[in-house]
Each structure stands twice: as C-alpha cells, then as structure tokens.
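**Q** This is the structure I want to talk about, given as structure tokens.
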Amino acid sequence: MEREGDANAGRGEDEVGVSGFLEILLDGSVLPVNCEFDREDEAAATVEELLGSMGRMLSGSKSAYRARYPNHKVAFNANLFTPLQGKLWFGDIDLTIDRPALQRVADRIGEDLFVLSEMDGRFDQEAAPRWQHALAIFQPGRD
C-alpha cells in the first residue's frame, strides 16, 4: 500500500528491494548502497566486533587527540569500503593502533578493505567512492 510522502511510493520492486538497498551499476559491477546506512550483515558485524560501533569517536577533540599522539596516522570520520560490498562502517580510525584489527577484518571478510577519508567515501562519494585516494588498503592474507 502506497502512502502519501512514502519515499518508495510509485517505485517498482526492481528499483528498491525489500531490504531498502539500491543497486547502482558502476563500470559493470554492482555496488550495494544503503540509503540510511544501517547495515545488519556479517561483514558489518565483523567490523563492529573488531573496531567498535559505527560512528566511533576516538576523542571529543581532534586537536587534543593529535597532540597526544603526534606520530599516529589518524583518520577522523573515516569510511571502510570493499569493492563488492560497498560501505561497511564509518567512524574514527587510528591507523597506527587499529592496523591489526583492520587486517583481521580483511582476512575474515575475504576482500580488500579500503580506508577512505570522509570526503572520499561519504556524501556524493558514497555511491562512487574515490578508491584512488585510499588512506590504506588491507588485503586478505597479508600482514
């Protein structure tokens, strides 16, 4: 039943699936994009288990965190993507500390895991991430 104001009103099942995911074709490959970004699948659960909840903050103050850890490579509001599963997670990442956990994520999901900045994996870039600007790439089976 369609309701006035329903975001899916007038759309066929081919356009918006029951799960709420849209499929967007990019260079022939399918990249799932969740309009509300509320993933509840095994890959997202793996990331949350190893890194913590989506939206994780390392500190209430970015400048204070950087002052405390001046030699760390930190990505505030980072996004984790894989080429086949799309965006898995977002939040603050300290690549210096989180490197082992990020590698375990890649190993467990069996795909390359890309760490992208906020601007390269969010807003208009969520459906077309800027892979070439990855801050780090973790490949399964590598240390």
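The values are calculated or read from the model by the stated rules, or taken from the named source; none is laboratory data. Everything numeric here is computed off the predicted structure, so don't read it as measured data. Heads up, the Cβs are rebuilt from the backbone with ideal geometry, glycines too, and the neighbour counts pull from every protein chain shown. SASA here: full protein model, heavy atoms, side chains in, ligands and nucleic acids out. Shrake-Rupley method; radii C 1.70, N 1.55, O 1.52, S 1.80 Å.
**Q** If you scan region 48-95, which residues turn out to be farther than 15 Å from L116 by Cα, assigned to a helix (DSSP H, G or I) and not basic (K, R)?
**A** Passing the criteria: E48, E49, L50, L51, S63, A64, Y65, A67.
**Q** Which members of region 113-127 meet the condition of being crowded, with 18+ Cβ neighbours inside 10 Å, modelled with pLDDT under 90 and either part of a strand (DSSP E or B) or of a type in the set (D, E, K, R) (or both)?
**A** Within region 113-127, D120, E126 qualify.
**Q** Restricting attention to region 55-112, which residues are of a type in the set (F, W, Y) and either open to solvent by 50 Å² or more (accessible area, probe 1.4 Å) or at pLDDT 95 or above (or both)?
**A** Y69, F90
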